[in-house]
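S.K.: Take a look at the following structure, please.
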Amino acid sequence: MINSEKWTGRVVKTFGENDVANVHVLEFPGDKPRLIEFVDSLDPRYDRSEKWCINVSTQAGCPVACLMCDAGGDYRGNLAKEEILEQIERTLAEHAYDGSWQARKIKLHFARMGEPAMNPAVLDVLRYVAKYFPSDSFIPAVATTAPRVGLKWLEELKTIKNEHYSGGRFQLQFSVNSSNETMRDRLMPVSKLSLPELAQFARTWFQSGDRRISLNFALGRGIPLEAEIIASHFSPENALVKLTPINPTARSNSNGIETVIAPESPEAAAKLVHELEKYGFEVIVSIGDPKEIKIGSNCGQAARWVSEMLEKHV
C-alpha cells in the first residue's frame, strides 16, 4: 500500500505537538518551489484509537484567496494524484507500528491548502483510496467553496460517493460563510454556486444513510447570517449547519475580520444556534483546542510558514 520510493517531495519543516497536531511543510520539485502543508491531527474529544485526521493539500497555494485564509495568494498550480497520495502515505507511515491504522475512524480531509473542486486529481485519489485503502475506517471529507467551474467535478464526486463511500462514509462541506450573497462574494472572491444552487445540489446529493452536507459558517463580526434565509433555501433533512471561528491569520487581521466565537466565548452564538434549531437544523458549534490555534493547524492558519519560505527561495 505504501511505497516510499515513489515519493518525490522533501519535508522541510515540521512543527506541532504529537498529542494535538503536527504540521508538515513539503516541497515538491518544479521550475519554482512548490511548498504545501499536510497535517496529522487528533480530535481533542477522542483517543487516536477512536479517531484521527489526515488533512492534505490539493493545490500549491490557492487561487480563491478567501479574505480570512493565509493559503491564498502565491498560487502555483494543482497537485498531481501522486503528490496528494504522498501526503496521506507519509502520515500513515508515521503510525505504521503504533496501532493507529486500526482506529475506528481515519478521516481523510481534503481541506488544507487549495480548492479541491478545481483539481480533477482529487477524484482520482478518492477512487484510489477506495480500491487500495478498503477499510471502512477511512472516511473522506471534502471542504469546498463550490466554485462554478467545479460543478461537473461535484457531479462526478457524487457518483464516486454513491459507488464507493455509501452508508455515511463520506462528508461534504460547503464553505458558505454568510447568508448574504454580496458578502459571500467579498469573502470568497470566486464565481461560485448561489445559495439556491447549493440547496438544489444538497437535495440530489443526499441518499438514505448518507451524512448530511455540512454548511460551514466561519462567524465573523458584522457578517450576516440569518437563520430565516438559510431555512428558506435548505432542508434539515439533507443539510446541517456548522459554526466555526474565524481563526487568527495574517489575512483575517489585515482585512479586519474578527471572530464571534472562540475557545473563551463558546456561547457567543447561542442566539443564532437557537434560531437555526427552531427551523429544525442540527447545529454543530466547532471550536478547536486552543493548542491548535497556537500551533497553527486550524483552517486558514500556518500557510504563513510557506509564504515566508517561498520568499526566501525566490
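The values are calculated or read from the model by the stated rules, or taken from the named source; none is laboratory data. Worth saying up front: this structure is predicted, and the values here are computed from it rather than measured. Note that we place each Cβ from the backbone using ideal geometry, even for glycine, and neighbour counts take in every protein chain shown.
S.K.: Just to be sure before I move on: is residue 166 out of contact with any strand residue (DSSP E or B) (no Cβ under 9 Å at 6 or more places or on another chain) and over 25 Å from residue 65 (Cα atoms) in the structure I sent?
M.R.: Taking the combined requirement at face value, the residue satisfies it.
S.K.: Test residue 117 against the stated conditions and say whether it is surrounded by fewer than 20 Cβ atoms within 10 Å (Cβ to Cβ) and outside any strand (DSSP E or B).
M.R.: Taking the combined requirement at face value, the residue does not satisfy it.
S.K.: Any chance segment 136-148 includes a residue that's farther than 27 Å from residue 289 by Cα, at pLDDT 95 or above, assigned to a helix (DSSP H, G or I) and not polar (S, T, N, Q)?
M.R.: Yes, segment 136-148 has at least one match.
S.K.: If you scan segment 168-189, which residues turn out to be in contact (Cβ under 8 Å) with a residue 40 or more places away in the chain, farther than 21 Å from residue 219 by Cβ and buried (at least 18 other Cβ atoms within 10 Å of the Cβ)?
M.R.: Hit for segment 168-189 is 170, nothing else.
S.K.: Is it true that residue 201 is assigned to a strand (DSSP E or B) and either touching a His at 6+ places or on another chain (Cβ under 6 Å) or closer than 30 Å to residue 138 by Cβ (or both)?
M.R.: no
S.K.: Given 92, 108, which one is more than 16 Å from the chain's Cα centre (by Cα) and hydrophobic (A, V, I, L, M, F, W, C)?
M.R.: Sole residue among the options that is more than 16 Å from the chain's Cα centre (by Cα) and hydrophobic (A, V, I, L, M, F, W, C): 92.
S.K.: Also: Would you pick out the residues in segment 132-167 that are within 17 Å of residue 101 (Cβ to Cβ) and free of Cβ contacts under 8 Å to residues at least 60 places away in the same chain?
M.R.: 134, 135, 136, 137, 138, 139, 140, listed by residue number.
S.K.: Looking only at segment 217-271, which residues are modelled with pLDDT of 95 or more, over 21 Å from the mean Cα position of the chain (by Cα) and either charged (D, E, K, R) or in a strand (DSSP E or B) (or both)?
M.R.: Scanning segment 217-271 gives 221, 226, 228, 237, 271.
S.K.: Hey, another quick one. List, please: which pairs have Cβ atoms under 6 Å, are six or more places apart or on different chains, and start with a residue in segment 1-15 that is closer than 17 Å to residue 80 by Cβ and without any contact (Cβ under 8 Å) to a residue 40 or more places away in the chain and end with one that is surrounded by 14 or more Cβ atoms within 10 Å (Cβ to Cβ) and of a type outside the set (Val, Ile, Thr)?
M.R.: 10/27
S.K.: Does segment 80-107 hold any residues that are surrounded by fewer than 23 Cβ atoms within 10 Å (Cβ to Cβ) and either part of a strand (DSSP E or B) or in contact with a Lys or Arg (Cβ under 7 Å, 6 or more places away or on another chain) (or both), and which are they?
M.R.: Once the filter is applied, which keeps residues that are surrounded by fewer than 23 Cβ atoms within 10 Å (Cβ to Cβ) and either part of a strand (DSSP E or B) or in contact with a Lys or Arg (Cβ under 7 Å, 6 or more places away or on another chain) (or both), segment 80-107 yields 82, 100, 103, 104, 105, 107.
S.K.: Sticking with this one: Any residue in segment 146-165 that is within 19 Å of residue 278 (Cα to Cα) and surrounded by 15 or more Cβ atoms within 10 Å (Cβ to Cβ)?
M.R.: no
S.K.: Another question, if that's okay. Could you count how many residues in segment 23-50 are touching a residue at least 60 places away in the same chain (Cβ under 8 Å), within 16 Å of residue 289 (Cα to Cα), assigned to a strand (DSSP E or B) and not hydrophobic (A, V, I, L, M, F, W, C)?
M.R.: 1
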